[in-house]
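S.K.: Please see the structure below; I have some questions.
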Amino acid sequence: MILIKLGGSIITNKEKPLTSNRNSIRRIATSLKNVNEPLVIVHGGGSFGHYWSVKYDMHTRPERHQAKGVSVVKNSMIELNSIVLESFLQSGLKPYCLPPSDFMIGDRPLVNKVREIPKIAKTGLMPISYGDVMWYGKNKFYILSGDRIMGILSKLLHPRLAIFVTNVDGVYLDMKSKKLLKEITTEKPVTSKVSMDVTGGMSRKIKEAFNISKHGTDVFFVNGNIPKRIRNAINGKSFEGTIFRG
């Protein structure tokens, strides 16, 4: 099984609130049509969920939030997920909506539910989950990011590969020189240095990718604007990007 995260930066226009990038979604979906291996997809919120979560000051830590903010953030993620599902379906794939509430309770995964996901993928369907606002209990809610879902699923399912699809070529050593890091290993981690030179979003992805690789899974960061790089990662061909060696 292969686990793929579609970053909000590649499936939405982050410069324009509540704007999807349908062309990009379709190109990526089309590139996955000939992959003969079960795929599980996770996507971020981009200019949908992120826009509203900032507006209503919602975070990844559980807190009490106004009901309207919770409702608006959740509805916006459902809207974006519907666009992704529709685009994948129109591209000849068989997407299967998988809300995180199907396999999470509070901030903990339901292990038995998570272990059913690969079985769904093996039927020919393509489970698609997404970052969302989640009920924590005690009148508290929190934002469960798509990156965190990648970490949770990888730890329990041990996919053959985990791929983070973004709108840049990979992980840069620093943003000034744009020097691309080709490979990162657990023996010589550089994530602490990198995380100071990138946005918080990329820093979170790097943290999850590093943790996934520590459990033995190779993690690829690729540019979704060139969808063939996703296929190259899956097929083991040379490509431009960053590899976290498992």
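S.K.: Give the residue that is nearest to LYS5 (Cα to Cα), with candidates limited to residues of the stretch 208-219 that are out of contact with any strand residue (DSSP E or B) (no Cβ under 7 Å at 6 or more places or on another chain), part of a helix (DSSP H, G or I) and in contact (Cβ under 8 Å) with a residue 40 or more places away in the chain.
M.R.: Only one residue fits best here, namely GLU208.
S.K.: Take the conditions modelled with pLDDT of 80 or more and more than 23 Å from MET1 (Cβ to Cβ) and apply them to ASN235. Does it pass?
M.R.: The answer is no for ASN235.
S.K.: Scan the stretch 148-162 residue by residue and report those that are open to solvent by 10 Å² or more (accessible area, probe 1.4 Å), over 20 Å from ARG245 (Cβ atoms) and in contact (Cβ under 8 Å) with a residue 60 or more places away in the chain.
M.R.: Within the stretch 148-162, just ARG148 meets the criteria.
S.K.: Which fully enclosed strands (runs of 3 or more DSSP E) of the stretch 49-137 have 2 or more residues being more than 19 Å from the chain's Cα centre (by Cα)?
M.R.: In the stretch 49-137, the matching strands (runs of 3 or more DSSP E) lie at 132-137.
S.K.: Further question: Mind checking which residues of the stretch 25-43 are open to solvent by less than 10 Å² (accessible area, probe 1.4 Å) and either closer than 17 Å to ILE149 by Cβ or assigned to a loop (DSSP other than H, G, I, E, B) (or both)?
M.R.: Listed by number, the residues that qualify are LEU32, LEU39, VAL40, ILE41, VAL42, HIS43.
S.K.: Can I ask one more? Between a first residue in the stretch 109-127 that is open to solvent by 80 Å² or more (accessible area, probe 1.4 Å) and a second residue that is not in a helix (DSSP H, G or I), which pairs have beta carbons less than 6 Å apart while being 6 or more apart in sequence or on different chains?
M.R.: LYS113/PHE103; LYS122/PRO38
S.K.: Let me ask something else. Please work out which residue is nearest to ASP218 (Cα to Cα), limiting yourself to the stretch 180-196 and to residues that are part of a loop (DSSP other than H, G, I, E, B) and modelled with pLDDT under 80.
M.R.: Residue satisfying both the conditions and the ranking: THR186.
S.K.: Quick one: SER47 ticks every box in (1) open to solvent by 50 Å² or more (accessible area, probe 1.4 Å); (2) without any contact (Cβ under 8 Å) to a residue 40 or more places away in the chain; (3) touching a Ser or Thr at 6+ places or on another chain (Cβ under 7 Å) bar one, so which box is it?
M.R.: Against the list (1) open to solvent by 50 Å² or more (accessible area, probe 1.4 Å); (2) without any contact (Cβ under 8 Å) to a residue 40 or more places away in the chain; (3) touching a Ser or Thr at 6+ places or on another chain (Cβ under 7 Å), SER47 comes up short only on (1).
S.K.: If you don't mind, another one. In the stretch 138-157, what count of residues is obtained for those that are part of a helix (DSSP H, G or I) and within 13 Å of the chain's Cα centre (by Cα)?
M.R.: Selection size over the stretch 138-157: 9.
S.K.: Just give me the residues in the stretch 123-159 being under 15 Å from ILE41 (Cβ atoms) and among the charged types (D, E, K, R), in sequence order.
M.R.: ASP132, ASP147
The values are calculated or read from the model by the stated rules, or taken from the named source; none is laboratory data. What you see is a predicted model, and the numbers here were worked out from it, not measured in a lab. Quick reminder, even Gly has a Cβ in these numbers, built from the backbone with ideal geometry, and neighbours come from all protein chains shown. Accessible surface is based on the protein model in full, side chains and every heavy atom, while ligands, DNA and RNA are left aside. Shrake-Rupley method; radii C 1.70, N 1.55, O 1.52, S 1.80 Å.
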